[in-house]
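Note sheet for the following structure.
The values are calculated or read from the model by the stated rules, or taken from the named source; none is laboratory data. Worth saying up front: this structure is predicted, and the values here are computed from it rather than measured. As a convention, Cβ positions derive from the backbone with ideal geometry for all residues, glycine included, and neighbour counts pool all protein chains shown. Keep in mind that these areas ignore ligands, DNA and RNA; they rest on the heavy atoms of the full protein, side chains included. Shrake-Rupley method; radii C 1.70, N 1.55, O 1.52, S 1.80 Å.
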Amino acid sequence: MNACGDCAPCGHRCVCKARRGNRKPHPHARAVRRAIGWGSSRPFTRAVVLSTSASAVVWASSLLVAEPWRFVIWGLSFVVGLATTTLVYVGSEAIPKPTSHYSERLGLFTILVLGETVIAIAVGTSGTDWGFSSGLVAGFGFIVVLTLWWTYFRHVDEWFLHRAFIEDKGAWSRVREYSLLHVLSHYLVYVGIVAAGIGIAFTVEAAAAGHALDWNHAAVLVAGVVTYLLGTIAVHRTTFDPVRDRSVVLRLGVAALVTLSIVNQPIEPVVFLGLVASLLVTLNIVEGGWSLITGSTSEK
């Protein structure tokens, strides 16, 4: 192979301008880029970079503020990033179409949050003087975590976001709003799991110490379970195979009963967490029974 005049000074180590000019793109490259949305989505990409940068600037400014206002700025940074990204995503004319297993990754992150919650409970109660009551409460706490996993993954749609950009009929013509709500609702799921784990740790510690559970600590667990149930309703209703209306009503009913469980005081740890675990197990048994009887959990 002979080097051209441009390559003469350095032999073959540089890229020949003549060869580079004659290089032809792959015959299917243009079709792939058009299907995915690359190229036409550059304005969207620039807007996302700007919104992310704005959120990062707000977050970095928290270094100049002492606690607890630092945490307020962290929350503000999250709100700025979420709001700007939502506006860009809904308002942009062209956006990249997800072609990877994004829904699967949401499920994997749910597993990670559940695992971290179990570890946090174990670490937080590692110095506890264990007895029958505390052991029973810990068992109820483990059942709660299992039911949270059961509720989410029994209705998960791994290919939702991939199929969403193919379907354009009926209500699904507003696919951006549906897919955005589906993804953002996972924040409620994750926050609910974490808060429930913290509440379980508080309950185990109260049982080990032999005293009633503080109302504020019980409220953390209740808020976590209620937030989680609301998040799963939003996630499971924004798919091509949504859960039935009766499942939504059942979850709202369970959330209401969990909330009412802390009305009467003092709050006994064993009774309280046992009631929460029983309600969540009942929820999954009833929904699972409907699925076996009807053959589907969807509105179809």
Query raised in the report: Any idea how many residues of the range 177-204 are open to solvent by 30 Å² or more (accessible area, probe 1.4 Å), out of contact with any strand residue (DSSP E or B) (no Cβ under 8 Å at 6 or more places or on another chain) and closer than 19 Å to residue 116 by Cβ?
Result: 6
Report task. Quick one: in the range 83-115, of everything that is open to solvent by less than 60 Å² (accessible area, probe 1.4 Å) and within 22 Å of residue 148 (Cβ to Cβ), which residue is modelled with the lowest pLDDT? Result -> 103
Requested in this report: Please indicate, with yes or no, whether at least one residue in the range 185-207 is at pLDDT below 90, among the charged types (D, E, K, R) and outside any helix (DSSP H, G or I).
Outcome: no
**Report entry** Residue list for the range 196-211, restricted to those being in contact with a helix residue (DSSP H, G or I) (Cβ under 7 Å, 6 or more places away or on another chain) and of a type in the set (A, V, I, L, M, F, W, C)
**Finding:** 196, 198, 200, 201, 202, 204, 206, 207, 208
Query raised in the report: Would the range 210-221 turn up any residue that is buried (at least 21 other Cβ atoms within 10 Å of the Cβ), part of a helix (DSSP H, G or I) and of a type in the set (Phe, Trp, Tyr)?
Result: no
Report summary line: How many residues of the range 229-254 are in a loop (DSSP other than H, G, I, E, B) and surrounded by fewer than 20 Cβ atoms within 10 Å (Cβ to Cβ)? The answer is 4
Query raised in the report: Among all residue pairs at least 6 apart or on different chains, which show Cβ distances below 8 Å where the first residue, located in the range 249-278, is within 18 Å of residue 140 (Cα to Cα) and the second is of a type in the set (Val, Ile, Thr) and open to solvent by 80 Å² or more (accessible area, probe 1.4 Å)?
Result: none
